[in-house]
Every structure is written in structure tokens, then in C-alpha cells.
Amino acid sequence: MTEPLFTIVIPTYNRAHTVGKAIASCLVQTCRDFEIIVVDDDKSTDDMEGALARFPDAPIRLVPKHRGRAAAARNAGARLARGRYVAFLDADDEFLPDKLEVCRARLEKAPLDLVYSLTYVDRGVGRFWVKPSRGLRHGEDIYDYLFVHKGWVHPSTVVVDAELARSSPFREDLSFGDDTQFAVDMWRRDVRITMIDKPLAIYEDRFDPQRLSQSPVFHPGDTPEHESFIAWVESQKPHMPEGAYRACRAQFLSRFVARSNPRMAFGYIVDGYRAGVISARKGLSQIVQTFAPSIYRRCADAVARRSGCEPPAAVLELRKSY
């Protein structure tokens, strides 16, 4: 059997109702040289096999009852990959039709780069954000990019050499923030990280407190997701510029300790402002996000509804196809 160029790895946890959309976006790729591996959590209670039965002719392998959450599932998919490159896709998200084609052209020139791209952020309000605001610059410290400038290396945009993915995996104890850790570890290994200045994926960001990206800030108390990510940040402190560390505490860790230690959370934000790594305006916004996440969410949705971009024709055509 001929090995594909790409292996698309999709981790799932009770996502039988969304995975069809993710897979359908793979099946309309202009580059057809791929396989799909779906890794389903062993705690899933829905019918993933039934969801995949809609695609009898698709090159899909299902890994059922896999123990571990998204990071572990991505690693398992990378270990099983037959493709030269691994492209990660969350089960809520979608690829644009030229995603793999554009990445192939870039990787032909620099096969050992980690490439990522802009992404459309769909908050369910009829308009999209486009994130991140810019890519990681040549020679820029990745900690500054991620924490001071709020950059983003979103997993559903990442394509990387399969051997690199296997040798520098996602940390499986980080149920939250493993995407940040993965990018940092790659950068610290001197893997060049380059952003394609074009949206190639759609990130589903509708409110759902069961999603790992949202649940920690809505949970009433400490969780392992808080603790493991905070511990990872502290482990990185010797490698981080001081400003990046203080920005991380102000803009990220403040949200995770707000319920258990609001004084500490507020102190992180004030410290970030005094250090000059967040502005007064961002500091006020951060206070709302940290201490009133539901209000912040509604305000952010309102801003996106008013100021976001209209869904482009490529997205409308994509969604007509399934």
C-alpha cells in the first residue's frame, strides 16, 4: 500500500455529532494524498462508529477506546501515522479545501519546518475573527510571541514532519495548554515555526463549558487542568524572558486561580500592568475576563457580531458541500 503524504489526526471525546463536519472538510481537499486517523476517548459515550459509517469509502482508521484526552490522542495518532507529515484537526473544527495543498507547497521548500496558519474563529454570531494577528517572527522569542503578544499556534492549523511529532510529543499531563507546550518544545529544539498568512482552518469557538479550552475558567474550583498547566509554566520560568512570565501570569494564570485566590489573580494583572507587558485597557479587559468570564464572553460575542468579518465565499461553499 502506498504511503500517503499526510496523516490527519482527529482526537475526539463525545464528538460524534461534530466529527462528520471535520471529516467532510478533509474529503473536499484539493490535495487527495492523505489518510485520516480518528482517536476516540475511552470515556466517550456516543456512537463514534456510527458517525464514521457515513463515510464508507473514506481512508479513515478509528482508534476506539483510547485512554487519555486530546494530547494523548494526538500522540497516539502520530505514532500510527503512515504519512510523512501529520496534520492535526480537532473534531469541532474544519479545514478549508486548499489547506493541505498550501501546506504541501510550503513544506516542499522546508520539509522540517512546523507550519501553521491563520484561522477563522467562529463564535456562532454570524461573523468571524481572524487569528492570530501575526505570525512568529524570525528570531523572536516564542514566549514573548505567545504571552506578551498573545500569539497562537492553533493545533488545527499545525502540520509537521511525523518523526518530529513523534520525538517531541504533546505533554499528556497537560489536558489544557498542551498546544502551547508543543509549540514551545518544537521551538526550543530549533524547529523553525512559520505561519502561512492565509486562513486555512475554521476554529469552532461557540460557548461550551465542557470544552477543555473553556471549562477551566467556568469551573467552580481548582482542577487538574489548572494545576498541571500552572506547574508547566513554572517549569518554563528559567527559559522565559521576565516580561513573558509576568504577561503569562496576568493574562492566563489569573483566570485559573481567580476562584480559589482572587487576591493573587488580581495581583498578577496589576503586576503585568506595572511591568508594562499589558496596557491599562488590556488590564481592565483582563479583570472582566478573569472575574466575570460569562460577562466577558457575552461582550466578546457582541464585539465579534459588530466588528468581525463576514464568512468568506470559500467558507460558505465549503459548508454547502456537507
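The values are calculated or read from the model by the stated rules, or taken from the named source; none is laboratory data. Just so it is clear, the structure is predicted and the values come from calculations on it, not from any experiment. In this analysis, Cβ positions are derived from the backbone assuming ideal geometry, glycine residues included, and neighbour counts consider all displayed protein chains.
I'm trying to understand the selection: among the residues of region 159-176, which are closer than 15 Å to Ile193 by Cβ and either more than 16 Å from the chain's Cα centre (by Cα) or of a type outside the set (A, V, I, L, M) (or both)? Break it down stepwise before answering.
Filtering region 159-176 down to residues closer than 15 Å to Ile193 by Cβ leaves 159-161, 164-165, 168.
Once the filter is applied, which keeps residues that are closer than 15 Å to Ile193 by Cβ and either more than 16 Å from the chain's Cα centre (by Cα) or of a type outside the set (A, V, I, L, M) (or both), region 159-176 yields Asp161, Leu164, Ser168.
With respect to Glu94, is the statement that it is over 20 Å from Lys320 (Cα atoms) and not hydroxyl-bearing (Ser, Thr, Tyr) true?
So Glu94 does not fit the description; no.
Six or more apart or on different chains, Cβ atoms under 6 Å: show the pairs whose first residue is in region 104-119 and among the hydroxyl-bearing types (Ser, Thr, Tyr) and whose second is assigned to a loop (DSSP other than H, G, I, E, B) and surrounded by fewer than 22 Cβ atoms within 10 Å (Cβ to Cβ).
Between residues of region 104-119 that are among the hydroxyl-bearing types (Ser, Thr, Tyr) and residues that are assigned to a loop (DSSP other than H, G, I, E, B) and surrounded by fewer than 22 Cβ atoms within 10 Å (Cβ to Cβ), the close pairs are Thr119/His154.
Among the residues of region 53-77, which ones are among the hydrophobic types (A, V, I, L, M, F, W, C) and crowded, with 24+ Cβ neighbours inside 10 Å?
Quick first cut of region 53-77, residues among the hydrophobic types (A, V, I, L, M, F, W, C) only: 53, 55, 58, 60, 62-63, 70-73, 76.
Ala70, Ala71, Ala73 - these are the residues of region 53-77 that are among the hydrophobic types (A, V, I, L, M, F, W, C) and crowded, with 24+ Cβ neighbours inside 10 Å.
Write out, first by first residue and then by second, each pair whose Cβ atoms fall under 6 Å of each other, whose residues are 6+ apart or on separate chains, and whose first residue, in region 266-291, is closer than 22 Å to His226 by Cα and buried (at least 17 other Cβ atoms within 10 Å of the Cβ) while the second is among the basic types (Lys, Arg) and modelled with pLDDT under 95.
What qualifies is Thr290/Arg255.
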